[in-house]
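The values are calculated or read from the model by the stated rules, or taken from the named source; none is laboratory data. Predicted model only: the values in this text are computed from it and were never measured. Reconstructed Cβ throughout: ideal geometry from the backbone, glycine too, with neighbour counts over all protein chains shown.
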Amino acid sequence: AQSVTQLGSHVSVSEGALVLLRCNYSSSVPPYLFWYVQYPNQGLQLLLKYTSAATLVKGINGFEAEFKKSETSFHLTKPSAHMSDAAEYFCAVSGDQGAQKLVFGQGTRLTINP
Amino acid sequence: DSGVTQTPKHLITATGQRVTLRCSPRSGDLSVYWYQQSLDQGLQFLIQYYNGEERAKGNILERFSAQQFPDLHSELNLSSLELGDSALYFCASSVVALRTGELFFGEGSRLTVL
């Protein structure tokens, strides 16, 4: 079965600082991994995804993530945080039932300090 | 705007009652997913439909049911409501049901059970 663990339910960084959101996964099949962002009072929006091509994946809004099989990790980073990055971020792994259900982590709330 | 429409946006009801949540997927998307988001459980996959047929089932209670109609819209029926059913219910859609694909989420229906 698939599962995702996000380390840290809350992360706070200063504007302009590095953003690092951690995600570790468990999967019985080659994983497909996703990061979604949820802004207040909105639905989830895809930031980026890993589907077994390049291990370093670039997404929208300057975010990127690196797939590391040896560490079973898919951490999300952004070199310089903006105030507009404040949101909740979810890591997800695709299910193994031949369907596309996503198994989400518990989410990390990112706060940006001015 | 993801193109996925959910109604109603907010719903307040009493324990023991029944409600129906409606979802219109993006134009052309054949697959519809329902997720429940609560503070204690996070984002939980409920059920998936593909072109009118149930494709995958998650942690959906027996009191809950769903269906996808020929025009591809979907409804999630919640009955004998309990306080613990208070949550944000998301619908998502995708073109096909592939593990590598992106889900497009609606803005959710917030259910409050009093």
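Observations, loosely collected:
- A:S70 meets the conditions (1) touching a residue at least 12 places away in the same chain (Cβ under 8 Å); (2) assigned to a loop (DSSP other than H, G, I, E, B) in every case but one. The failed one is (1).
- Identity of the residue in the range A:12-41, within 12 Å of another protein chain (Cβ to nearest Cβ) and farther than 13 Å from A:F90 by Cβ, that ends up nearest to the chain's Cα centre (by Cα): A:Y32
- When the range B:20-36 is limited to residues that are over 15 Å from B:F104 (Cβ atoms) and surrounded by 21 or more Cβ atoms within 10 Å (Cβ to Cβ), the one that is farthest from the other protein chains (Cβ to nearest Cβ) turns out to be B:L21.
- Listed by position, the strands (runs of 3 or more DSSP E) enclosed by the range B:19-70 that each have at least 1 residues that are touching a Lys or Arg at 6+ places or on another chain (Cβ under 9 Å) are B:31-38, B:42-50, B:53-57.
- Condition check for B:Q6: within 11 Å of another protein chain (Cβ to nearest Cβ), at pLDDT 95 or above and more than 24 Å from A:T108 (Cβ to Cβ): yes
- In the set (1) polar (S, T, N, Q); (2) within 13 Å of chain A (Cβ to nearest Cβ); (3) within 19 Å of B:F104 (Cα to Cα), B:N59 fails one condition alone, (3).
- The number of residues in the range A:24-60 being surrounded by 13 or more Cβ atoms within 10 Å (Cβ to Cβ) and not in a loop (DSSP other than H, G, I, E, B) comes to 17.
- Residue in the range B:74-90 that is away from chain A (no Cβ under 14 Å), modelled with pLDDT of 95 or more and over 20 Å from B:Q41 (Cβ atoms) present: yes
- Test for B:G101: is it without any contact (Cβ under 8 Å) to a residue 24 or more places away in the chain, within 11 Å of another protein chain (Cβ to nearest Cβ) and either within 24 Å of A:V93 (Cβ to Cβ) or outside any strand (DSSP E or B) (or both): yes
- Residue in the range A:44-75 that is nearest to the other protein chains (Cβ to nearest Cβ), counting only those that are basic (K, R) and within 20 Å of B:G101 (Cα to Cα): A:K49
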